[in-house]
């Protein structure tokens with residue numbers, strides 16, 4: 001090998017080493033920096049998406065450049081990859097649809113990472129919003145993957161979108177017990193617990209006079225509506241039921257909780 005060929009070979013090896021030792025860490029740092037910046041300015045979803053695009057785009061550029069340094073015909077490889085990509089595209093229309101749906105979710109932003117959503121029978125925390133799917137961690141600690149296309153087509157309830165939520169409780173008590181007294185006892189429960197908000201104003205009203213399905217006794221049914229902070233909503237219904245029971249037990253009144261949302 002003459003001196004010129006050796007110099008060319010050495011220069012090529014030096015560039016390859018620089019691409020590996022400097023280029024990859026630089027791409028990783030740029031991806032991290034953009035992820036952090038976009039997360040602070042926009043949202044965690046946008047930050048993760050842009051970070052992944054920069055990281056994988058940079059890696060592809062480095063790999064193509066290294067192949068070029070080794071003497072591969074990159075143009076021919078890209079052409080073959082294009083033909084192969086078209087074939088794969090026809091075979092993966094669902095994936096493409098999920099990617100497009102992912103961008104619509106990015107633009108519309110019906111929920112963010114960390115929100116609690118309900119889609120069909122699935123309820124849980126949003127852990128990640130990727131190009132193909134949304135990953136949800138359910139309350140019993142299971143990971144559920146929902147395709148973006150499905151999230152775009154069906155109804156999705158964001159349970160933590162607004163800062164406060166309402167608890168609806170249906171309670172029954174003996175027909176002979178005065179409604180005004182029952183209303184006063186319920187308001188005392190609400191007023192003596194900071195968990196329950198006073199604005200919007202809690203509502204305690206008569207719902208109906210009727211029998212339980214399993215009984216012949218006529219009872220008075222009350223509707224109780226009270227507001228709580230969204231981050232307390234999971235535990236608040238149980239607290240409300242327990243305190244209603246304790247309050248009416250003190251007054252020797254047997255109540256039945258028919259329904260309370262949670």
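Kindly provide the set of residues from the stretch 219-239 that are in a helix (DSSP H, G or I) and in contact with a strand residue (DSSP E or B) (Cβ under 6 Å, 6 or more places away or on another chain), ordered by number. Give the derivation first.
Going residue by residue through the stretch 219-239, those that are in a helix (DSSP H, G or I) are 230-232, 236-239.
Once the filter is applied, which keeps residues that are in a helix (DSSP H, G or I) and in contact with a strand residue (DSSP E or B) (Cβ under 6 Å, 6 or more places away or on another chain), the stretch 219-239 yields 230, 236, 237.
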For residue 136, are the conditions met, namely being touching a residue at least 24 places away in the same chain (Cβ under 8 Å), part of a strand (DSSP E or B) and not assigned by TED's automatic domain parsing to the domain that holds residue 203? no
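Answer yes or no: is there a residue in the stretch 150-165 that is outside any helix (DSSP H, G or I), touching a helix residue (DSSP H, G or I) at 6+ places or on another chain (Cβ under 8 Å) and free of Cβ contacts under 8 Å to residues at least 40 places away in the same chain. Full working, then the answer.
Filtering the stretch 150-165 for residues outside any helix (DSSP H, G or I) gives 154-165.
Checking the rest, the ones that are also touching a helix residue (DSSP H, G or I) at 6+ places or on another chain (Cβ under 8 Å) come to 159-160, 162-165.
From what's left, free of Cβ contacts under 8 Å to residues at least 40 places away in the same chain: none.
No, because not a single residue in the stretch 150-165 is outside any helix (DSSP H, G or I), touching a helix residue (DSSP H, G or I) at 6+ places or on another chain (Cβ under 8 Å) and free of Cβ contacts under 8 Å to residues at least 40 places away in the same chain.
Tell me the residue from 245, 254 that is outside the structural domain of residue 123 (by TED's automatic domain parsing), assigned to a helix (DSSP H, G or I) and either touching a strand residue (DSSP E or B) at 6+ places or on another chain (Cβ under 9 Å) or more than 21 Å from residue 161 (Cα to Cα) (or both), please.
Details: 254 fails: assigned to a helix (DSSP H, G or I).
Matching residue, one of 245, 254: 245.
In this structure, does residue 59 turn out to be in a helix (DSSP H, G or I), modelled with pLDDT of 70 or more and in contact with a helix residue (DSSP H, G or I) (Cβ under 7 Å, 6 or more places away or on another chain)? Explain how you work it out, then say what you get.
On the way: in a helix (DSSP H, G or I): yes; modelled with pLDDT of 70 or more: yes; in contact with a helix residue (DSSP H, G or I) (Cβ under 7 Å, 6 or more places away or on another chain): yes.
So residue 59 fits the description; yes.
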From the residues in the stretch 109-125 that are in a strand (DSSP E or B) and under 8 Å from the mean Cα position of the chain (by Cα), which one is surrounded by the fewest Cβ atoms within 10 Å (Cβ to Cβ)? 125
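The values are calculated or read from the model by the stated rules, or taken from the named source; none is laboratory data. No experiment lies behind these values; they were computed from the predicted model shown. Because the Cβ atoms are built from the backbone with ideal geometry, glycine has one as well, and the counts that use them run over all protein chains shown.
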